[in-house]
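What follows is one structure encoded as structure tokens, with my remarks underneath.
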Amino acid sequence: METNNHKIVDYDAVLDAKFGKAGTPERTKAEDEAYAFYTGQVIASARKEAKITQSELARRVGTNKSYISKIENGLIEPGVGLFLRILNALGLKFDIVKPMM
């Protein structure tokens, strides 16, 4: 693993060193937090692209601005129902498809 010139040969080794091996509680927690942050960033980006304020998005989906802010900052993850309402309010589509074999 090389990091002093920003070339990472084995990213799993970096994650193992920082958060523990895959499957450990520490690694699972870090991965969950990363997914929550990423989800929030996707929602925030889509909201801004749609030129909608947090307050307006909250109104459209039946929650409050503070809750939308927490979602966008990755502090909490919305439940499935709220997530789908957010996508709908932002004009986004969510598809569940079976992978092709």
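Quick rundown of the values:
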read-out: Rg followed by Dmax, in Å, when the chain is reduced to its Cα trace; value: 17.3, 48
read-out: Surface share of carbon and sulfur [accessible, 1.4 angstrom probe, percent] for the chain; value: 56
read-out: Filtered trypsin sites (Lys or Arg not before Pro), the range 23-101: DSSP coil and at most 16 other beta carbons within 10 Å; value: 51, 93
read-out: Accessible surface, the chain, averaged per residue in Å² (probe 1.4 Å); value: 76
read-out: Expected 222 nm ellipticity per residue - DSSP helices of 4 or more, -39500 (n - 2.57), all of the chain, to 500; value: -18500 deg cm²/dmol
read-out: Pairs of Lys in the chain closer than 18 Å at Cα, counting only those 8 or more apart or on different chains; value: 9
read-out: Qualifying GluC sites (Glu not before Pro) for the range 10-101 [loop in DSSP, other Cβ within 10 Å: at most 13]; value: none
read-out: Highest-MSF residue in the chain out of 46, 13, 58 [GNM, Cα springs under 10 Å]; value: 13
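The values are calculated or read from the model by the stated rules, or taken from the named source; none is laboratory data. Computed from a predicted structure; not experimentally measured. No Cβ is skipped: glycine too gets one built from the backbone with ideal geometry, and neighbour counts run over all protein chains shown. Heavy atoms of the whole protein, side chains included, go into the accessibility calculation; ligands, DNA and RNA do not. Shrake-Rupley method; radii C 1.70, N 1.55, O 1.52, S 1.80 Å.
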